[in-house]
1. Order Phe63, Phe45, most accessible first, counting only protein heavy atoms with a 1.4 angstrom probe.
2. How much length is gained if the chain between Ala7 and Asn57 is pulled fully straight, taking 0.36 nm per residue apart and subtracting their Cα-Cα distance, in nm to one decimal?
3. Using θ = phi - 60° and the Karplus form 6.51 cos²θ - 1.76 cosθ + 1.60, what ³J(HN,Hα) does each residue of the range 39-50 get, whole Hz, x for Gly and Pro?
4. Express in Å², to the nearest 10, the accessible area of Glu27 obtained by rolling a 1.4 Å probe over the protein heavy atoms while all chains stay in place.
5. What is the sum of charges around Val21, taking Lys and Arg as +1, Asp and Glu as -1, for the other residues whose C-beta is under 14 Å from the C-beta of Val21?
6. For the range 56-65, just list the computed ³J(HN,Hα) in residue order, Karplus coefficients 6.51, -1.76 and 1.60, θ = phi - 60°, integers in Hz, with x standing in for Gly and Pro.
7. Net charge around Leu38, counting only other residues with Cβ within less than 9 Å of its Cβ (Lys, Arg = +1; Asp, Glu = -1)?
8. Per residue, how much accessible surface does the chain expose to a 1.4 Å probe? Answer in Å², no decimals.
Amino acid sequence: MTQEQQAAYVVAMAACVNAEVAAMQAENQQRVHRGESLAYTEDAFRALIASYGIHHNAVIGMFRQ
């Protein structure tokens, strides 16, 4: 994969993460409004980034190949 393709991949994965984060935040807001506990904590948001493989070490490793 070229560096341009790698960059496009990272951007695409970041867009997917952003979409899921928006949904997670919306769910948390609904729960706050209803007086319920949060569905997603900081750990869930961090795990999402890792699940898409776009955490710092993964991206740096991709561009070192």
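1. Descending accessible area places them as Phe63, Phe45.
2. Gain on extension, Ala7 to Asn57, equals 16.5 nm.
3. Ordered by residue, 3J(HN,Hα) equals 7, 10, 9, 4, 4, 5, 5, 5, 5, 4, 4, 5 Hz.
4. It works out to around 60 Å².
5. Residues near Val21 contribute -3 overall.
6. In residue order, the calculated couplings are 3, 4, 5, 5, 4, x, 4, 7, 8, 6 Hz.
7. -1
8. On a per-residue basis, the chain sits at 74 Å².
The values are calculated or read from the model by the stated rules, or taken from the named source; none is laboratory data. Not measured: the values here are computed from a predicted model. Using ideal geometry, Cβ is built from the backbone for each residue, glycine included, and neighbour counts are taken over all protein chains shown. Keep in mind that these areas ignore ligands, DNA and RNA; they rest on the heavy atoms of the full protein, side chains included. Shrake-Rupley method; radii C 1.70, N 1.55, O 1.52, S 1.80 Å.
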